[in-house]
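The values are calculated or read from the model by the stated rules, or taken from the named source; none is laboratory data. Note that the coordinates shown come from a computational prediction; the quantities given were computed from them, not determined experimentally. Here the Cβ is made from the backbone with ideal geometry for all residues, glycine too, and neighbour counts use every protein chain on show.
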Amino acid sequence: MKKLPLVLSFIALAGVVALFIINFTAKSSESGNADNEPVRIPEGGLKIAYVQTDSVLVNYQLALDLNDEFVAKRTQFNEDFSKRRSNLEKQAVAFQEKLQRGGFLTEERAMQERDRILNEEQEIQQLDYELSNRLAKMERDINIQIIDSIVGYVKDYNKKHNYDYIFSNNGNIIVGAKQYNITKDIVEVLNVRYDKSKK
């Protein structure tokens, strides 16, 4: 269940992956139809395949490793932030108790302590903002890395298989014949490539 939020984010990006795949794997030329001539389908028909992008994202080891890294960083950020927040709350309570029992020698000293606590509160709010931005950027970078990897491989895959179109099933295909599902091939080679890159 820890992997679910980022995996859902990947699945949401599957539509973007689909657009990349469609745009970069189509063999038809936009400039070749300048005179608005009807598009001619080859005698044997179009050669079409599809990829189940949600399945790729759940089974691609790079996506899983990057997700684990992201979750670990997010957990570390949350723990660090929580400790600092908890420490500040304890200091605020201690300050309030000391103020109520007259534990400060002067009013000036009490105001200095109050100002110090307020400054730390502002620093913690700034830290929260910075950590949230860092996590969002990290998540964007991970998504871009995964999309680039998948789209790059699908382009290479298509050089050998010469499909006219490779679609994503995410929102585009309701029913597809199993023989046109190339998801398993894509995931297997992506994982082999990723394993080699780690060595």
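Values for this structure:
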read-out	value
Test result for I117, of a type in the set (V, I, T) and in contact (Cβ under 8 Å) with a residue 40 or more places away in the chain	no
Residue among I173, I142 that is under 30 Å from R193 (Cα atoms), modelled with pLDDT under 90 and surrounded by 12 or more Cβ atoms within 10 Å (Cβ to Cβ)	I173
Options N87, N67; residue that is within 15 Å of the chain's Cα centre (by Cα), of a type in the set (S, T, N, Q) and farther than 24 Å from F167 by Cβ	N67
